[in-house]
Each structure stands twice: as C-alpha cells, then as structure tokens.
Amino acid sequence: MLLGEFEYLMLTAAARLGDEAYGAAIKEEIERATRARCSTGALYTTLDRLEEKGLVKTWMGDPTPERGGRPKRMVRVTAKGARAAADFYAAVSRVSRGVSWVPRRGTS
C-alpha cells in the first residue's frame, strides 16, 4: 500500500512523538517540519482513514486540566503503519537517487 504524502507525515510525526502522540501534538510536529499550516479537519479526517486502514490505533486518554477537562485522542503507529511508512520512504529515496533539486541557471 502506497501512502499519500500527508499520511506519511502523520505517521512519521506520531512515531517521533511516541507516547506523547495525540492530535494537537501531531499537528504541531507537522507544522514545524513543513513550515506550513496544517488544517485540524484534514488531520482528524486523515487520522480516521489511517485507523480504518489499520496503520494507527487511537484511544481517548485521560481528561487534562489544561484542555478544560477534555481528553486527548492518543495515537500509536501499528506495525503495519510502520511498514507502510518505511516502504513509502524507501520508494521516495529510490526514485530520488541522482536527482538534484537545485535550480540551474536559466531554468524557470
């Protein structure tokens, strides 16, 4: 299964965050890495899709005072998700070999 770009970013962010992976933290991690705004709606829609595919497991954590007593939706990357992310990364690496993305003079 080949992942989409945003799915890969979400899996990678969740894996990097480990036990601290939840929606808002994943969003911040993606925004930091991409230097672009991440839509909360897109994040949770993609999270639902990743869970349907068996690539992540989610559950509601304990309510926290800093969130006004609301629980966090915690995220864990499954073994299947880790394989899919590794396969995506390997495919991008293979297709990128020998390519330089430094613009040459005279090209637009």
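The values are calculated or read from the model by the stated rules, or taken from the named source; none is laboratory data. None of these values were measured; they are calculated from a predicted model. Methodologically, a virtual Cβ is constructed for each residue, glycine included, from the backbone with ideal geometry; neighbour enumeration extends over all protein chains shown. Just so you know, the surface numbers come from the protein's heavy atoms only, side chains and all, with ligands and any DNA or RNA stripped out. Shrake-Rupley method; radii C 1.70, N 1.55, O 1.52, S 1.80 Å.
Couple of notes before you dig in:
- Single condition Leu11 does not satisfy, out of (1) surrounded by 15 or more Cβ atoms within 10 Å (Cβ to Cβ); (2) part of a helix (DSSP H, G or I); (3) of a type in the set (A, V, I, L, M, F, W, C); (4) out of contact with any strand residue (DSSP E or B) (no Cβ under 6 Å at 6 or more places or on another chain): (4)
- Tabulated pairs, segment 70-93, first within 16 Å of Gly4 (Cβ to Cβ) and open to solvent by less than 60 Å² (accessible area, probe 1.4 Å), second of a type outside the set (Lys, Arg) and in a strand (DSSP E or B), C-beta under 7 angstrom, 6+ apart or interchain: Val77/Val56; Gly81/Val56
- Residues that are crowded, with 17+ Cβ neighbours inside 10 Å and of a type in the set (Gly, Ala, Ser), drawn from segment 27-40: none
- If you go through segment 94-108 and keep only what is open to solvent by 100 Å² or more (accessible area, probe 1.4 Å) and either touching a residue at least 12 places away in the same chain (Cβ under 8 Å) or not hydrophobic (A, V, I, L, M, F, W, C) (or both), you end up with Arg94, Arg97, Pro103, Arg104, Arg105, Ser108.
- You will find that of Asp62, Asp48, the residue that is over 17 Å from Asp19 (Cβ atoms) and either free of Cβ contacts under 8 Å to residues at least 60 places away in the same chain or among the acidic types (Asp, Glu) (or both) is Asp48 and no other.
- One residue stands out among those in segment 17-67 that are more than 13 Å from the chain's Cα centre (by Cα) and assigned to a helix (DSSP H, G or I): the one that is farthest from Leu2 (Cα to Cα), which is Pro65.
- Qualifying residue in segment 41-63 (condition: open to solvent by 80 Å² or more (accessible area, probe 1.4 Å), aliphatic (A, V, I, L, M) and in contact with a Leu (Cβ under 9 Å, 6 or more places away or on another chain)): no
Residue-by-condition table, conditions (1) more than 29 Å from Ala24 (Cα to Cα); (2) not in a helix (DSSP H, G or I):
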position	(1), (2)
Gly69	no, yes
Arg73	no, yes
Lys80	no, no
Ala85	no, no
Phe88	no, no
Ala91	no, no
Val95	yes, no
Val99	yes, yes
Pro103	yes, yes
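- Any hit, segment 15-26, residues being surrounded by fewer than 15 Cβ atoms within 10 Å (Cβ to Cβ), at pLDDT below 95 and among the aliphatic types (A, V, I, L, M): yes
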